[in-house]
Amino acid sequence: MDDIMSTVANLMALAARTAPKAHGHDCIATKVITGDQLALLADEMIKYGRETGKINFDRDGENVRRSDAVLLIALHENKKVGLNCGACGHDSCSGVNEKEGREFPGPLCAWRIIDLGIAVGSAVKTASILNADNRVFYRAGVVARKLGLIDGLLVIGIPISAYSKNIYYDRPTS
């Protein structure tokens with residue numbers, strides 16, 4: 001089953017890679033993690049939750065531990081689209097200067113965040129078509145970025161599994 005789930009994760013990465021992007025500029029990076037990296041991510045998610053007092057990092061970390069793979073999708077470049085639309089909170093794209101926040105830098109171009117969302121949607125659609133249980137995890141992205149598992153400004157983790165019951169939905173809340 002490990003080979004099958006690795007294939008599913010790689011097909012999800014393909015879907016994210018080929019998803020449409022604003023101005024046709026590819027600003028998305030993907031990486032599939034399994035094995036030791038998966039265990040490291042799970043351990044560090046639990047640790048991060050304890051150190052910061054933020055809830056549900058432990059719960060999601062245990063979900064990652066039970067997963068067959070995690071697809072990381074990152075916005076690796078905040079290349080401004082140049083619309084001067086103000087969606088990021090600035091009047092013009094030239095006024096946007098990133099600064100590091102608690103977990104991610106900002107402000108980021110809203111259109112690049114939409115690109116990331118479309119890539120995530122394409123990846124989870126692919127998992128669904130292939131009958132792999134999955135869920136979008138903000139918390140996995142935070143810790144994967146801190147660990148340097150993928151280079152990116154904004155990172156999302158999508159764990160996948162194949163059990164008789166979906167492990168990502170029947171779970172306790174903190």
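Values in this text are rule-based calculations from the coordinates and carry no lab data. Worth saying up front: this structure is predicted, and the values here are computed from it rather than measured. Here Cβ is always computed from backbone atoms with ideal geometry, including for glycine, and neighbour counts include all displayed protein chains.
So the values come out like this:
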item: Residue range of the chain that is longest and free of trypsin sites (Lys or Arg not before Pro) which are both DSSP loop and sparsely packed (at most 12 other C-beta within 10 Å); result: 1-101
item: Square roots of 5 times each gyration tensor eigenvalue, C-alpha, the chain, largest first, Å; result: 28, 20, 13
item: N84-D43 pseudo-label distance in nm [points 7 Å out on the Cα-to-Cβ vector]; result: 5.2
item: Gain on full stretching of the segment that runs from R50 to D2 - 0.36 nm per residue minus C-alpha separation; result: 14.2 nm
item: Cα-Cα over 20 Å, subset of K21/K80; K99/K146; K31/K125; K54/K125; K31/K146; K21/K79; result: K54/K125
item: Region 2-161 - percent relative contact order, Cα under 8 Å, separation 6 or more; result: 32
item: FRET efficiency, 1/(1 + (r/R0)^6) with R0 22 Å, evaluated for D151 and R66 via beta carbons; result: 0.25
